[in-house]
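Notes for the one structure printed next.
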Amino acid sequence: MTDRMIGVIGGSGLYQFEGLQQAEWRQISTPWGAPSDAILTGVLHGTPMAFLPRHGRGHVHSPSSVPYRANIDAMKRLGVTDLVSMSACGSFRAHMAPGDFVIVDQFIDRTQGRDSSFFGTGCVAHVSMAHPTCAGLGAHCATAAQNSGVRVHQGGTYLAMEGPQFSSLAESRMYRDQWGADVIGMTNMPEAKLAREAEMCYASVAMVTDYDCWHPNHDAVQVSDIIATLTRNAHAAQATIAALPALLGSAPRLPCPQGCDHALDTALITAPSARDPQVLARLDAVAGRVL
């Protein structure tokens, strides 16, 4: 069995995952509180896997109340090396149509008041977010989706808004025309930042559900329409994930060429003698390699 472990965080419409061997829902405790739900662990085509519904089964967490730090810590604590985010989004581009998948490679963070780092007073660290997703893992996700019959767009900028309301028309036009965003969602931030701090390869697969309100035929986003597309996307998401183990391979996992798995090598600022022991204890899973 490979030393790689695939983690999947399922967004709106993706609350279960079928086909795992040795499947077991596990409650994981973290220093940051409880994750969104129990985590489904098992083996997928010979590769260990962990699946977490971001909003909880039954969709009990809003984008603002998702316990992002607990979710990432729990995945790291289980041994996840390659983390795939599957999330619903709106599109700002006519060619990125509902039902399409976009492999995100950049973010604009407009969220507010969310805990966006594991580090802080007592142990300060600054990781690079110039390239916030793992290009290698993203490429495998693109191939897996294409092989599953999905139309895929490689590369795109995801604007993360706070919500829970959808955009105003003025905001939608600004994000699209002035800021150059391609898709919009509410959950990939601070998730991507935390995954980088936890030294996991992170790929974001944005599943388009609507055109947001900039589009003349979509001036009012309807939840009922989004849910219908979510249902179709959920089947494609499951097929995409199922195809990943064969693409990632069963050989021993090599260091990430992009350095995702060593992001903390040059990130810690606080001198060892000045680090707070209580803070370090909370970082045992996330930063244990360097601490």
Under the 7 Å Cα-to-Cβ spin-label approximation, residue 278 and residue 291 lie apart by a distance in nanometres of 1.4
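Could you order the peptides 105-115, 37-47 from most to least packed, using the average number of other C-beta atoms within 10 Å per residue? Before the final figure, lay out the partial values.
Numbers: 105-115: 15.9, 37-47: 18.5.
Peptide ranking by packing, descending: 37-47, 105-115.
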Nearest-0.05 FRET efficiency for residue 225 and residue 154 at R0 = 25 Å, using Cβ-Cβ distance, is 0.45
In the chain, taking the dipole from +1 charges on Lys and Arg beta carbons and -1 charges on Asp and Glu beta carbons about the Cα centre, the listed residue (27, 9, 200) farthest towards the positive end is 27
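Using DSSP H assignments, which helices in the chain have an axial alpha-carbon span of 24 Å or above and a mean Kyte-Doolittle hydropathy of 0.5 or higher? Walk me through the numbers on the way to the answer.
Values: long enough: 223-248 (36 Å, 0.95).
Those that clear 24 Å and a mean of 0.5 are 223-248.
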Exposure proxy check on 5, 86: fewest-to-most Cβ neighbours within 10 Å is 5, 86
Most fluctuating of 20, 230, 169 in the GNM of the chain (C-alpha, under 10 Å) is 169
Expressed in nanometres to one decimal, the distance between label points 7 Å along Cα→Cβ at residue 239 and residue 117 is 4.3
With the label point 7 Å along the Cα-to-beta-carbon line of residue 253 and a cut-off under 16 Å to each amide N, the hits in the stretch 65-96 are 72-85
Most exposed to least, judged by fewest other Cβ atoms within 10 Å, 197, 24, 171 sort to 24, 171, 197
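Please give the peptides 233-244, 266-277, 119-130, 6-17 ranked by average Cβ packing (other Cβ atoms within 10 Å per residue), highest first, as a rough proxy for protection. List each step's numbers first, then the result.
On the way: 233-244: 21.4, 266-277: 12.2, 119-130: 14.7, 6-17: 23.9.
So the peptides 233-244, 266-277, 119-130, 6-17, ranked by packing, come out 6-17, 233-244, 119-130, 266-277.
Please arrange 32, 214 by how many other C-beta atoms lie within 10 Å of their C-beta, fewest to most. Intermediate values should be presented prior to the final figure.
On the way: 32 20, 214 23.
By the 10 Å Cβ count, ascending, the order reads 32, 214.
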With a Förster distance of 22 angstrom and the Cβ-Cβ distance between residue 265 and residue 124, calculated FRET efficiency to the nearest 0.05 equals 0.90
Restricting to Cα pairs under 8 Å and 6 or more apart, the percent relative contact order of the chain works out to 25
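Using a Förster distance of 22 Å, how high is the FRET efficiency between residue 25 and residue 246, based on the Cβ-Cβ distance and rounded to 0.05? Before the final figure, lay out each step's value.
On the way: r = 25 Å, r/R0 = 1.15.
For residue 25 and residue 246, the calculated efficiency is 0.30.
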For the pair residue 168 and residue 94, the simple spin-label estimate (label points 7 Å beyond Cα toward Cβ) gives in nm 2.7
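State the antiparallel share, in %, of DSSP beta bridges confined to the stretch 6-282, rounding to the nearest 5.
Details: 17 of 47 bridges.
If I count the DSSP bridges inside the stretch 6-282, around 35 percent turn out antiparallel.
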Output for the stretch 125-206: trypsin sites (Lys or Arg not before Pro) sitting in coil per DSSP, at most 16 other Cβ within 10 Å, listed by number, reads 151
Charge dipole of the stretch 6-282 built from unit charges on the beta carbon (Lys, Arg +1; Asp, Glu -1), centred at mean Cα; most positive-end Cα among 163, 254, 128 is 254
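Here, each number is a calculation from the coordinates, and none is a lab measurement. Small disclaimer: the values here were computed from a predicted structure and weren't measured. Neighbour counts are summed over all protein chains in view; Cβ atoms, including those assigned to glycine, are modelled from backbone coordinates with ideal geometry.
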